[in-house]
Amino acid sequence: MAIRVTCINKSGGFHLDPHHSLTNLGWIEDVTEKRGKSSRQEVYNWLKHENGQAYVVDRQGHKASVLPRENAHGTQFLQTVSDRVWTDNLLALPECES
């Protein structure tokens, strides 16, 4: 099963500030079109440990995979990759509604 990430929430609502971490991601499941919202950690664990698949689609219709990553200090986060280049497509998504 794959999900398309459609929106994000950031810590303290600082959507345009890339230095504040994502807190939640809104998504749509490909097959069933089920919609949901999960924490960054839930999505990270699902991708890393349960072989989940997630992606985003930009305004031009290009897909970028969402992958789990860890920085040198062990902080777990999510980032997109397209054509083997790490990108910030998640940060370009709109804010999820409550």
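The values are calculated or read from the model by the stated rules, or taken from the named source; none is laboratory data. None of the values given here were measured: they were computed from a predicted structure. All Cβ positions, even for glycine, are placed from backbone atoms using ideal geometry, and neighbour counts span all protein chains on display. These accessible areas exclude ligands, DNA and RNA; they are computed on the full protein's heavy atoms, side chains included. Shrake-Rupley method; radii C 1.70, N 1.55, O 1.52, S 1.80 Å.
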(message) Run lengths n ≥ 4 of DSSP H only: what is the helix-derived mean residue ellipticity at 222 nm for the chain, with -39500 (n - 2.57) per run over all residues, to the nearest 500?
(response) -3000 deg cm²/dmol
(message) Loop by DSSP (not H, G, I, E, B), at most 12 other beta-carbon atoms within 10 Å: where is the longest site-free stretch of the chain for GluC sites (Glu not before Pro)?
(response) 51-96
(request) For the range 31-94, give the magnitude of the charge dipole about the Cα centre (Cβ charges: +1 Lys/Arg, -1 Asp/Glu; no others), in debye to the nearest 20. (result) 120 debye
(message) Please list, by residue number, every one of the trypsin sites (Lys or Arg not before Pro) in the chain that is coil in DSSP and has at most 16 other beta-carbon atoms within 10 Å.
(response) LYS34, ARG59, ARG84
(request) Report in % the part of the accessible area of the chain that belongs to carbon and sulfur, leaving out ligands and nucleic acids; probe 1.4 Å. (result) 47 percent
(request) Compute the whole-percent fraction of alpha carbon pairs in the chain spaced more than 15 Å apart. (result) 59 percent
(message) So with the 1.4 Å probe, I'd like the accessible area per residue for the chain, rounded to whole Å².
(response) 66 Å²
(request) Could you check what % of the DSSP bridge pairs in the chain are antiparallel, to the nearest 5? (result) 85 percent
(message) Quick query: amide H of SER21 versus all other amide H atoms, modeled in the peptide plane; which residues come in under 5 Å with a sequence gap of 5 or more or a different chain?
(response) SER11
